[in-house]
Amino acid sequence: MDGEAQPDPRVDLHVHSLHSDGTLAPAALAQLALERGLSLLALTDHDTTAGCDEAEAACRARGMAFVAGAEFTTLWRELEVHVVGLGLDRGSAQLQAHLRAVRDRRVARLVAMGSKLDAQGLPGAGLVAQVLAGPGTPTRLHLARLMAGQGLVRDVEDAFERWLRRGRPAAVAPEWPTLELGVAAIRAAGGVAVLAHPHRYKLSAGQQRELCAQFRDCGGQALEVSVAGMGPGAIGRSAALARRFGLAGSWASDFHVPGVPWRPLGRFAKLPDGVAPVTALLGSTPRHDGKQG
Ligand code: AMP
Ligand code: MN
Ligand code: MN
Ligand code: MN
């Protein structure tokens with residue numbers, strides 16, 4: 001392909017495994033990606049690269065390219081903002097120290113939430129101990145699944161609605177690193193920083209522009225322009241932001257769980273014209289294509 005590269009629909013650049021709040025092992029994810037006809041998969045678990053070795057080996061064994069990534073939890077003006085790092089050098093000491101610190105904060109937060117549940121007469125500490133004994137970056141979703149599994153709530157949504165979300169009895173405000181620190185950790189590991197799912201933040205149009213400007217100014221390079229579940233309006237708005245701030249565009253499913261109709265692996269609208277595909281910034285993409293070395 002020459003001239004302006006077209007985004008490849010067989011690429012999914014934001015996917016979770018059981019190393020965070022997804023349910024599939026990385027190798028199973030690679031197999032599903034193959035069955036969905038993908039040629040490139042990025043694994044982007046919350047605040048960890050722990051699944052990347054297994055995912056990379058499984059992708060290569062199936063003739064697919066792989067991009068090592070993670071989804072970084074950050075704070076921008078007290079708002080939780082996610083940044084996907086793509087093409088990360090997992091050996092970067094700065095990267096791993098950053099991720100470890102975030103996971104430590106997650107553990108502390110969940111322990112505090114467990115105490116609050118205890119105070120409400122629920123077996124909070126026990127549930128949290130179970131979450132922490134499990135695989136992967138611990139999240140509130142793990143806790144919600146256990147609460148639903150034990151019949152303490154109707155379902156995961158009910159767990160958030162009654163107990164876990166902001167303003168509810170077990171809520172604990174997160175203390176994530178700033179957006180700038182998240183981007184710095186990605187860049188220090190040679191990665192491309194992609195602002196995740198801009199449509200999900202509760203921001204005015206003006207605040208969205210301020211977020212994008214600050215993200216670009218601190219080293220951010222791309223924006224998720226097309227994520228599964230976005231309608232044409234949301235995609236149009238994120239494409240306009242990408243063009244305005246000179247950000248490349250990424251496209252992804254944000255897949256977590258198989259067998260549900262929402263966010264299926266490898267299914268999302270194509271990138272609109274005039275937005276540069278983020279894959280052009282990923283130096284490792286062609287190198288991994290079809291090669292074992
Ligand atoms: P945490 O990163 O620990 O704050 O947990 C956030 C995770 O919980 C996210 O990755 C979502 O997948 C999930 N989540 C957040 N809010 C809800 C909700 N209202 N219903 C279902 N899942 C949610
Ligand atoms: Mn998640
Ligand atoms: Mn996210
Ligand atoms: Mn995600």
TODO: Indicate the helices, whole DSSP H runs only, in the chain that combine a mean Kyte-Doolittle hydropathy of -1.0 or more with a Cα extent along their long axis of 15 angstrom or more.
DONE: 93-119, 232-245
Open item on the list: For segment 1-94, compute Rg over Rh where Rg is the Cα radius of gyration and Rh is the Kirkwood radius from the inverse mean 1/r over Cα pairs.
Closed with: 1.01
Open item on the list: Which of 35, 224, 210 ends up with the largest GNM mean-square fluctuation for the chain, with Cα atoms connected below 10 Å?
Closed with: 35
- [ ] Calculate, in nm to one decimal, what residue 262 and residue 120 gain on full extension: separation in residues at 0.36 nm each, minus their alpha carbon distance.
- [x] 47.8 nm
Task: Ordering of 259-266, 54-61, 104-111 by burial proxy (mean other Cβ atoms within 10 Å per residue, highest first) - done: 54-61, 104-111, 259-266
Task: Heavy-atom surface of segment 117-261, accessible at 1.4 Å and reported per residue (Å²) - done: 43
Task: Within a Gaussian network of the chain (alpha carbon springs, distance under 10 Å), most fluctuating of 149, 219, 51 - done: 149
TODO: Using 0.36 nm per residue of separation minus the Cα-Cα distance, give me the extension gain between residue 202 and residue 157 in nm, one decimal.
DONE: 14.3 nm
TODO: Give the carbon-plus-sulfur fraction of the accessible surface of segment 95-172 in %, rounded to a whole number; probe 1.4 Å, heavy atoms of protein chains only.
DONE: 53
- [ ] May I ask you to derive the FRET efficiency for residue 270 and residue 112 from their Cβ-Cβ distance with R0 = 51 Å, giving the value to the nearest 0.05?
- [x] 0.75
Open item on the list: Averaging the inverse of every distinct alpha carbon separation and then flipping it gives the Kirkwood radius. What is it for the chain, in angstrom units?
Closed with: 19.4
Open item on the list: Test of understanding: what is the full-extension gain from residue 173 to residue 10, defined as 0.36 nm times their sequence separation minus their Cα-Cα distance?
Closed with: 54.9 nm
Task: FRET E, pair residue 130, residue 280, Förster distance 35 Å, beta-carbon r, rounded to 0.05 - done: 0.20
Open item on the list: I want to check the label-to-label distance for residue 80 and residue 243. Put each point 7 Å from Cα in the C-beta direction and report it in nm to one decimal.
Closed with: 3.3
Open item on the list: Could you identify which residue out of 42, 119, 50 has the top mean-square fluctuation in a GNM of the chain using Cα springs shorter than 10 Å?
Closed with: 119
Open item on the list: Give me the percent relative contact order of the chain, please, defined on Cα pairs under 8 angstrom at least 6 residues apart.
Closed with: 22
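The values are calculated or read from the model by the stated rules, or taken from the named source; none is laboratory data. Given the structure is predicted, the values throughout are model-derived calculations rather than measurements. All Cβ positions, even for glycine, are placed from backbone atoms using ideal geometry, and neighbour counts span all protein chains on display. Just the protein is used for accessible areas: all its heavy atoms, side chains included, with ligands, DNA and RNA removed. Shrake-Rupley method; radii C 1.70, N 1.55, O 1.52, S 1.80 Å.
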